[in-house]
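The values are calculated or read from the model by the stated rules, or taken from the named source; none is laboratory data. All values derive from a computational prediction rather than experimental measurement. Counting neighbours? That spans all protein chains shown, and the Cβs are built from the backbone with ideal geometry, glycine included.
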Amino acid sequence: MTLLLLGLALGALAAAAAALPVHLRVPVSCLLVAGACVLAFLGAVAELRSGHVSTAHTAALLPMNGIELRLDPLAALFIATTAFVGFAAAIYSIGYAHGPLRSRTAVVSFALFVTSLLCVPAASSVATLLFAWEMMAVTSLLLLLAEHRRRAQALDAARWYGAMTQAGAAAILLGLLLLAAHSGGQDFTAIRAHAPSISIPIRSIAFVLVLLGFASKAGAVPLHVWLPRAHPEAPSPVSALMSGAMVSLGIYGIIRVGGDLLDGGVLWWWLVVLALGVVSALYGALHATASSDLKRLLAYSTIDSMGLVLIGVGAAGALRTTGHPHAATLSMVAALFFVVAHASFKGCLFLAAGAAERATGTRDLDRLGGLARPMAATTVLFCVAALAVIALPPFSGFAGEWLLLQGLLHGFSDTSTATVIALLVGVVALALAAGLTAVAFVKALGIGFLGRPRTQGAAEAREVAPTMRLAMGILALPCLLLGLVPGLVIPMVARAANAGFALPSASPVVPGAGLDLSGFNGAIEPALLAIAIVAGLGAIWMTLRVVANRATRRAEAWGSGREVQTARMQYTATAFGEPLQRVFTDVLRPDNDLEVTHAAESRFYTQAVTYSNRVDDAVERSLYRPVISALAWWGTVARRAQNGSVHRYLAFSFVALVIVLVVLA
Amino acid sequence: MTATVSTVHVWSGIAISVVQVIALVLGAPLALGLMAKVRARVEGRVGAPIRQPLLDLRKLLTKERVHAEHASAALPIVPFVVAASVVVAVAISPLISTSPALSESADLLVVVSLLLAGSVALAIGGLDTGTAFGGMGASRAMTIGALAEPALLVAVVALAIQAGSTNLPAIVAGTLAHPAWAASPERLLALGALSIVVLAETGRLPVDNPSTHLELTMIHEAMVLEYAGPDLALVTVGQAMRLGLLVALIANLFFPWGVATSFSPAAIAIGLVALGLKVTVIVVVIALVEVRTAKLRLFRVPELLAGGFVLAVLAVVTGLVTR
Amino acid sequence: MTLYLEVLEIAAGAVLVCAVVTLWRRDVRAIVTILAVQGVCLGIVAGDLAIHQRDLALGATALLVLAAKGLVVPLLLRRVLRKDPRSRETTPLVNIPASLVAAAALIVLSYVVSSKIIALDPSPATRLVPLGVATVLVGYFLLVTRQRTVSQIVGLLVVDNGIALVTFLVTSGVPLIVELGASLDVLLVVVVLQVLATSLGSRFGSFELDELTELHD
């Protein structure tokens, strides 16, 4: 706990570093933030290894209620993940920050953003949680506007983000206050103690309210609409933090309230969570394949990954409620492992996308390409993280997906029909999302980074600053490490899972480097597999050196006998995703526009052809726009009540006063 | 499930894996040659000799490598990744015996992911060439792969629910111990679903025509246009071994009789012969099916894969119902 | 597992698989053939139950089902098809991959719904009831989403086959007289529809129900 408190203090100090002159501001502040993250990480890992719960309390910062902090393994896991991503993001910012990102507002916001992210999991009372939550929301909103304040899309994104975050926070507040009102105190310990005595309907209402807020933060469809707008517009280190750390806090909230405070609750809660996960995974993966904006693709992929985590959490909760604690533990460990793996690979992907954007000036995949030679390090690191997302062995995503599948599979021995069907739907979602994610990331890597540059901007790309590359490397390391020796972190993840759901303390995985399920029949040893793959590569290479011709030459690529092939003849990202777009056209409803300009002389000759293809967010178009138009309509109608007459306004207040008196009487 | 293996077991396992790899490196091109021969005979031609693919590979090894001039360093690595991923998958799968090296990690999901690694590598190589054909092949191949995933994984789950594990040797041993499983409706439905998936994943008719010369009709071929010499040899043998592995896995998961369960040389020999027989039968059946079908339009392939998906879901539900 | 159970499971599963394949294929002639196969499988289910229970009446029912659903009805439908030159379902109301995904969802739904029925009498035969319910739902889906008249008739017949399957599994056979009555009913429906379709075709030049949108005098 002391290390965490020191870390938080250092974070606050980093905010104060904004007082320094311009060229010192960013490096000093970022280094202090990095130091804060290191301290928090060490404190969290110590907590995960020991398993003791420690608390801290101060009445100083918040009037009336004071700050209550409690560090248990579940909180420690999320703090460790956040600290790791924060450390890399801070290092990245040193090289990335320029112009508007060096302003005092931006520096203070960044430091406070990271500090609040570290504070939320440790919060142990309603007031502390909401204080940290609101600080997180406000600072991230300011950071969202930091780089492109004048751009219309950035303002739009900020509006959506602000509105939805506030609505989510209001829902969370309502839910938690409902629980606090029935528990005689807003302290989490009090709520935990009184929860079994609260009636099920009240608990369900509270859970649903809290779920709305936290699921929106985690990017669950249909409350995800802010994510694909906000992530592309934010500066890259902030996007990495939002995707790697902030959305995981939504998951943390669901586990904390549903699993820990309300002690598991009712079956239908977790089936709803699973259903949200299924829809999010499929929706996110599908829209990722249809996006040609690199960061929007990554944002949708975050929705997809969080959907998979929600499937795991839902399955764990459901299996625990129906009395299968061992299978539940496995699903929960899978979900939390995925959270950790996701933080590192998604963070690395966003940082690399930011590097590409900084080097070429655009994030449109249709305008990128050919970055492999000028930006070799960025390309390799993006490739490592992309292979982790696609869940190929021996990377971390594969271990996570294997655990998740095993968790769902071994729950099939359950007798409740609803759970079994939910698990089957979960498997289907996992499979289709995995396939679609592979398409999306082959597109991002192959079209964005490989091949030939499609525009002048891409052709003039240069490798980015060393601090940015270092940060990407730091985040790419766990993609490999967690994949090769997942057994290293599994005991800590298992402790966190048990703290979240009060499950039996036996780890579902036998201690060791690989993943060997205890109690179920299943195991993989990714390290040995990696050795086998390397041995295979080596054997093939040596055989070819002996047996085959070693000569190599360069020649022009095959173009059906054409003489000159230009870079514009390559496939674009829109073209790559087009077959899938056609298969799922009823879901995506793309906007296609084809304009043919004929030559002046005759209609039979074409001068130019313009084709545009736009895939809007389906939920936004079909759910939010009608609601917003309805609200706008209501606004215009209500305006008739305000005609400027002073008498009418006085009459309003008089009538309101009379009504209140009548009600009180 | 912890396995305490002695050094003898480890070395025997490695020996079995080596035998499996060599058997497939030589046998898979022969299987392709057999398929071409069967098709030729049925169509009234004489056809090339069965060992023609092996002769082609030998010829390719003597030619020089040609790299596309605008490609990056990724392109030369791709053939090695394709070949290595399928070699490792072959080495750990229970093809001749239930205990090759690393058989505790011989999980269905591991094999599926290793094959996916090969496809992803080929697609990335196709995009790296900087040509329109590479992109086209990559786009189509990844789309078909993505749509085949649900059918594949749900069929895997159907098998795993019955056997209690996704570990391949466990499923094989389970079927050997309970012969009645082989005729159960869920197995037959899973077999149907997996057959469709195998046709899609290995690029055979009716999903893709492996002998087409028209670039606009290519799916897999378009991605490998830019490889020459030993690179093309690696990619070709990788693709052949992929087909061989999937066919051998279907043979051993659904009709495991003949697979060696001990380390004795006699059992290994029987396992090898049994594998050869089963693969020959299945390959001849595929060739006969190919003669009678025409290639589907690209946008009719999702219909085929959706049908496979329904069969797989049916397999799981039937399994739950008849438990 | 006994041979009786194995044959029962495979035949009942085959009935449902035939229903799904009718949703999958576009060629109307192939759909009629698959309907014949489904009738044969249904006959095998009834015959297997008859042999297991040594029930002569049920055996006669099985033969009746084989004859009526496996031979006569498909023959009648083929007569209708011979008059119609177009034999492919080119534009179903719901496209084929979506219909197949819907079929998967309906199969899962029937599994959930039937668990209550199974709980009443958990014998090995009753446990296969979800397959029959799923056949009914898939047949209904076919009826609703296809545009060719013959496809819609096939959908109706699949629904009837599904109901028959459920009846056989749950009550292990119906009296011969009831099955006779039901088969005659279905035969009558098919004959009437055949006559209707032929006269529609000769009068309006089209077999498409959707093209008939106006009432004439």
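Does B:Gly308 meet the test of being within 14 Å of chain C (Cβ to nearest Cβ) and within 26 Å of B:Ala89 (Cα to Cα)? Yes. When the helices (runs of 4 or more DSSP H) confined to region B:84-192 are screened for residues that are farther than 27 Å from B:Phe299 by Cα and among the polar types (S, T, N, Q), those reaching at least 1 such residues are found at B:132-163, B:168-177. Would you mind stating whether A:Val380 is outside any loop (DSSP other than H, G, I, E, B), within 11 Å of chain B (Cβ to nearest Cβ) and surrounded by fewer than 24 Cβ atoms within 10 Å (Cβ to Cβ)? Yes; evaluated as a whole, the condition is true for this residue. Among the residues of region B:27-63, just one is exposed (fewer than 13 other Cβ atoms within 10 Å of the Cβ) and either touching a helix residue (DSSP H, G or I) at 6+ places or on another chain (Cβ under 6 Å) or acidic (Asp, Glu) (or both), namely B:Glu43. State whether the residues of region A:552-567 include one that is surrounded by 10 or more Cβ atoms within 10 Å (Cβ to Cβ), touching a residue at least 24 places away in the same chain (Cβ under 8 Å) and of a type in the set (Asp, Glu). Checking region A:552-567: not a single residue is surrounded by 10 or more Cβ atoms within 10 Å (Cβ to Cβ), touching a residue at least 24 places away in the same chain (Cβ under 8 Å) and of a type in the set (Asp, Glu). Only one entry of B:Gly145, B:Gly126 meets the criterion of being of a type outside the set (A, V, I, L, M, F, W, C) and facing chain A (nearest Cβ under 7 Å), and that entry is B:Gly145. Restricting attention to region A:136-157, the residues that are farther than 21 Å from A:Gly11 by Cβ and crowded, with 21+ Cβ neighbours inside 10 Å add up to 2. Of the numbered conditions (1) under 25 Å from A:Tyr252 (Cβ atoms); (2) free of Cβ contacts under 8 Å to residues at least 24 places away in the same chain; (3) part of a helix (DSSP H, G or I), A:Leu24 fails exactly one; give the number of that condition. All conditions pass for A:Leu24, except number (1). The number of residues in region A:398-426 being over 21 Å from the mean Cα position of the chain (by Cα), within 15 Å of A:Gly312 (Cα to Cα) and not small (Gly, Ala, Ser) comes to 11.
Looking across B:Val156, B:Val110, B:Val120, B:Val87, one residue alone is surrounded by 24 or more Cβ atoms within 10 Å (Cβ to Cβ), more than 8 Å from chain A (Cβ to nearest Cβ), out of contact with any His (no Cβ under 8 Å at 6 or more places or on another chain) and of a type in the set (Val, Ile, Thr). It is B:Val156. Out of A:Ala418, A:Ala444, one residue alone is touching a residue at least 60 places away in the same chain (Cβ under 8 Å), surrounded by fewer than 23 Cβ atoms within 10 Å (Cβ to Cβ) and either assigned to a helix (DSSP H, G or I) or within 9 Å of chain B (Cβ to nearest Cβ) (or both). It is A:Ala418.
Every residue, every condition in (1) outside any helix (DSSP H, G or I); (2) surrounded by fewer than 22 Cβ atoms within 10 Å (Cβ to Cβ); (3) under 17 Å from the mean Cα position of the chain (by Cα); (4) not β-branched (Val, Ile, Thr), yes or no:
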{"residue": "C:Gly39", "(1), (2), (3), (4)": "no, no, yes, yes"}
{"residue": "C:Arg82", "(1), (2), (3), (4)": "no, yes, no, yes"}
{"residue": "C:Pro92", "(1), (2), (3), (4)": "yes, yes, no, yes"}
{"residue": "C:Ser114", "(1), (2), (3), (4)": "no, no, no, yes"}
{"residue": "C:Ile117", "(1), (2), (3), (4)": "no, yes, no, no"}
{"residue": "C:Gly132", "(1), (2), (3), (4)": "no, no, yes, yes"}
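Does B:Leu272 fit the bill of being over 19 Å from B:Leu191 (Cβ atoms), aliphatic (A, V, I, L, M) and not in a helix (DSSP H, G or I)? Taking the combined requirement at face value, the residue does not satisfy it. Sub-9 Å Cβ pairs linking a first residue in region A:536-551 that is more than 7 Å from chain B (Cβ to nearest Cβ) to a second residue that is charged (D, E, K, R), at least 6 apart or interchain, are A:Arg550/B:Glu64; A:Arg550/B:Arg65, ordered by first then second residue.
Looking only at residues that are within 18 Å of C:Gly155 (Cα to Cα) and among the hydroxyl-bearing types (Ser, Thr, Tyr) in region C:1-50, which one is nearest to the other protein chains (Cβ to nearest Cβ)? Filtering first and then ranking leaves C:Thr22. When restricted to residues that are within 14 Å of chain B (Cβ to nearest Cβ), of a type in the set (Phe, Trp, Tyr) and over 14 Å from B:Met136 (Cβ atoms), region A:554-606 contains 1.
The set of residues from region B:285-323 being farther than 30 Å from C:Leu5 by Cα and free of Cβ contacts under 8 Å to residues at least 24 places away in the same chain comprises B:Arg292, B:Arg297, B:Phe299, B:Arg300, B:Glu303. Going by the structure shown, is A:Leu404 out of contact with any strand residue (DSSP E or B) (no Cβ under 7 Å at 6 or more places or on another chain) and within 9 Å of chain B (Cβ to nearest Cβ)? Judged against the criteria, A:Leu404 is not a match.
Looking across B:Val279, B:Val316, B:Val273, one residue alone is modelled with pLDDT of 90 or more and within 30 Å of A:Leu580 (Cβ to Cβ). It is B:Val316. Screening B:Ile50 against (1) more than 10 Å from chain A (Cβ to nearest Cβ); (2) touching a Phe, Trp or Tyr at 6+ places or on another chain (Cβ under 8 Å) leaves a single unmet condition, (2). A:Arg358 satisfies every condition listed in (1) modelled with pLDDT under 95; (2) part of a helix (DSSP H, G or I); (3) farther than 15 Å from A:Ser236 by Cβ except (3). For region A:75-96, enumerate the residues that are surrounded by 24 or more Cβ atoms within 10 Å (Cβ to Cβ) and among the aliphatic types (A, V, I, L, M). Passing the criteria: A:Ala75, A:Ala76, A:Leu77, A:Ile79, A:Ala80, A:Ala83, A:Val85, A:Ala88, A:Ala89, A:Ala90, A:Ile91.
Scanning region A:55-74 for residues that are surrounded by 18 or more Cβ atoms within 10 Å (Cβ to Cβ) and farther than 22 Å from A:His342 by Cα yields a count of 5. In the set A:Leu241, A:Leu276, A:Leu261, A:Leu298, only one residue is closer than 30 Å to B:Ser165 by Cβ, in contact (Cβ under 8 Å) with a residue 12 or more places away in the chain and not basic (Lys, Arg); that residue is A:Leu276. Here A:Arg454, A:Arg373 are screened, and the one residue that is in a loop (DSSP other than H, G, I, E, B), of a type in the set (D, E, K, R) and within 9 Å of another protein chain (Cβ to nearest Cβ) is A:Arg373.
Residues in region B:53-72 that are touching a Ser or Thr at 6+ places or on another chain (Cβ under 9 Å) and more than 7 Å from chain A (Cβ to nearest Cβ): B:Pro53, B:Asp56, B:Leu57, B:Leu60, B:Ala71. Do you know which of the residues in region B:256-265 that are small (Gly, Ala, Ser) and closer than 21 Å to B:Val10 by Cβ is nearest to the chain's Cα centre (by Cα)? Filtering first and then ranking leaves B:Ala260.
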